[in-house]
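Step one of this worksheet: look at the structure below.
The values are calculated or read from the model by the stated rules, or taken from the named source; none is laboratory data. Because the structure is a prediction, the values reported are computed rather than measured. Using ideal geometry, Cβ is built from the backbone for each residue, glycine included, and neighbour counts are taken over all protein chains shown. Just the protein is used for accessible areas: all its heavy atoms, side chains included, with ligands, DNA and RNA removed. Shrake-Rupley method; radii C 1.70, N 1.55, O 1.52, S 1.80 Å.
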Amino acid sequence: MLTVDEYGLIRALCKASFYDFVKEFWSTIIKEEPVWNWHIEYLCEELQTVVERIFRQEPKQYDLIINVPPGTTKSTIVSIMLPVWAWTRAPHFRTIVGTHTFNPLGLDLSRKSRDIVRSQKFQAAFPDISLRDDQNTKSYFVNNHGGMRLTATVGGVSPVGMHAHLLVVDDPIDPQKALSEADQKRANEWMTDTLPTRKIDKQVTPTILIMQRLHQNDPTGEWLSRDKTVRHICLPASSEEGWDVKPEGLVERYVDGLLDPVRLSQQVLDEYKKQG
């Protein structure tokens, strides 16, 4: 059992660094040992830069698109950990997290966020933050300071009536339906017509889209085609497959042309290719 002073140290470290928060609370929701590839810290720092401006109520500099392969901890970082970390700095913080499917994907991401808040470690490190009993469901929960996390889905569970400091979209298209023009259109219209109306402050509230690339007309492609101010981070599994690494300098962090040589080795990528 940790002492009060040790929990105080955890609190100080986690409030200062989103990456330290991810490392500290990983085991509260995931039992497997983490593989701390360089891209995780990089993405955490990028996300913290965006959210820090919200804390300071400064106009956003850009919206953010992150393209990474499946199996690279993207949902754990952005959809599960980030809304909870924001509460450690601004307990009133409100986040809407959208994805392509409500059950099981959307509910599972929300449940894990809630599990972090309810964990013994979080409650000991941040005793002033607790969940309200009357607004505490798997898809929508509110803390005792008015902060909330809401799950929404493309063409399904609507965020209408709710407003947020931060909008997160995690894989708005089901990979099994990536070639469907109707699904592409539905996702793109939801991103451009529905979601932007859910901002608390249109000048301050940013949108973060994180997804694997699925088609040239997917939400990433559509957004990049109409908005040249968006910040685009693209980290393909391999730097030798015709995909551009963005920002360009990050290609130097690849090992033998691989983003994550442990979890996405060349053998693993070759197996993916065999599966089409």
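When E252, E241 are checked against the criterion of being at pLDDT 90 or above, over 22 Å from K177 (Cβ atoms) and among the acidic types (D, E), a single residue qualifies: E252. Kindly indicate whether E222 is at pLDDT 90 or above and open to solvent by 30 Å² or more (accessible area, probe 1.4 Å). So E222 passes the test. Among the residues of the range 21-34, is any surrounded by 14 or more Cβ atoms within 10 Å (Cβ to Cβ), within 19 Å of G147 (Cα to Cα) and at pLDDT 95 or above? Checked the range 21-34: at least one residue is surrounded by 14 or more Cβ atoms within 10 Å (Cβ to Cβ), within 19 Å of G147 (Cα to Cα) and at pLDDT 95 or above.
Filtering the range 193-209 to residues that are closer than 23 Å to E181 by Cβ and hydrophobic (A, V, I, L, M, F, W, C) leaves L195, L209.
Give just the number: which of (1) modelled with pLDDT under 95; (2) open to solvent by 50 Å² or more (accessible area, probe 1.4 Å); (3) touching a Phe, Trp or Tyr at 6+ places or on another chain (Cβ under 9 Å) does P70 not satisfy? All conditions are met except number (3).
Quickly run through the range 89-115 and pick out the residues that are of a type in the set (A, V, I, L, M, F, W, C) and either open to solvent by less than 60 Å² (accessible area, probe 1.4 Å) or more than 17 Å from the chain's Cα centre (by Cα) (or both).
Step one: filter the range 89-115 for residues of a type in the set (A, V, I, L, M, F, W, C), giving 90, 93, 96-97, 102, 105, 107, 109.
Hits for the range 89-115 are A90, F93, I96, V97, L105, L107, L109.
Among residues of the range 129-144 that are over 15 Å from L109 (Cα atoms), those with a beta-carbon under 6 Å from a residue that is among the hydrophobic types (A, V, I, L, M, F, W, C) and assigned to a loop (DSSP other than H, G, I, E, B) at least six positions away or on a different chain give the pairs N143/I129.
Quick one: count up the residues across the range 116-141 that are open to solvent by less than 10 Å² (accessible area, probe 1.4 Å) and not in a loop (DSSP other than H, G, I, E, B).
Just the residues of the range 116-141 that are open to solvent by less than 10 Å² (accessible area, probe 1.4 Å), to begin with: 116-117, 122, 125-126, 129, 141.
Filter once more, so that each one left must be not in a loop (DSSP other than H, G, I, E, B): 116-117, 122, 125, 141.
Number of matching residues: 5.
If the condition is being under 15 Å from E189 (Cα atoms) and part of a strand (DSSP E or B), then the range 148-164 contributes A152, T153.
Can you tell me which residue within the range 192-244, out of those that are in a strand (DSSP E or B) and free of Cβ contacts under 8 Å to residues at least 60 places away in the same chain, is farthest from L269 (Cα to Cα)?
Going through the range 192-244, the residues in a strand (DSSP E or B) turn out to be 199, 207-211, 231-234, 238.
Now narrow it down to the ones that are free of Cβ contacts under 8 Å to residues at least 60 places away in the same chain: 199, 238.
Details: K199: 39, S238: 9 Å.
Among those that are in a strand (DSSP E or B) and free of Cβ contacts under 8 Å to residues at least 60 places away in the same chain, it is K199.
A Cβ distance below 8 Å, combined with a sequence gap of six or more or placement on separate chains, defines the contacts here; from the range 50-69, residues that are closer than 17 Å to L167 by Cβ reach residues that are among the hydrophobic types (A, V, I, L, M, F, W, C) and open to solvent by 30 Å² or more (accessible area, probe 1.4 Å) in the pairs I65/L224. Do we have H145 as at pLDDT 95 or above and over 30 Å from L9 (Cα atoms) here? So H145 fails the test.
Among residues of the range 165-191 being part of a loop (DSSP other than H, G, I, E, B) and either aromatic (F, W, Y) or within 17 Å of the chain's Cα centre (by Cα) (or both), the one that is farthest from P70 (Cα to Cα) is H165.
Inside the range 1-39, can you point out the residues that are of a type in the set (K, R) and part of a helix (DSSP H, G or I)?
From the range 1-39, those of a type in the set (K, R) are 11, 15, 23, 31; that's our starting set.
Selection gives R11, K15, K23.
Tell me which residues, restricted to the range 40-75, are among the β-branched types (V, I, T) and in a helix (DSSP H, G or I). Before the answer, list the steps.
Initial filter on the range 40-75 (among the β-branched types (V, I, T)): 40, 49-51, 54, 65-66, 68, 72-73.
Passing the criteria: I40, T49, V50, V51, I54.
Contact map, the range 251-276: first residue in contact (Cβ under 8 Å) with a residue 12 or more places away in the chain, second residue open to solvent by 70 Å² or more (accessible area, probe 1.4 Å) and outside any loop (DSSP other than H, G, I, E, B), Cβ cut-off under 9 Å, separation 6 or more or different chains; pairs are G257/Q266; L258/Q266; L259/R253; L264/Y272. Within the range 240-259, the set of residues being open to solvent by less than 40 Å² (accessible area, probe 1.4 Å) and either in contact with a helix residue (DSSP H, G or I) (Cβ under 7 Å, 6 or more places away or on another chain) or among the β-branched types (V, I, T) (or both) comprises V245, L258, L259.
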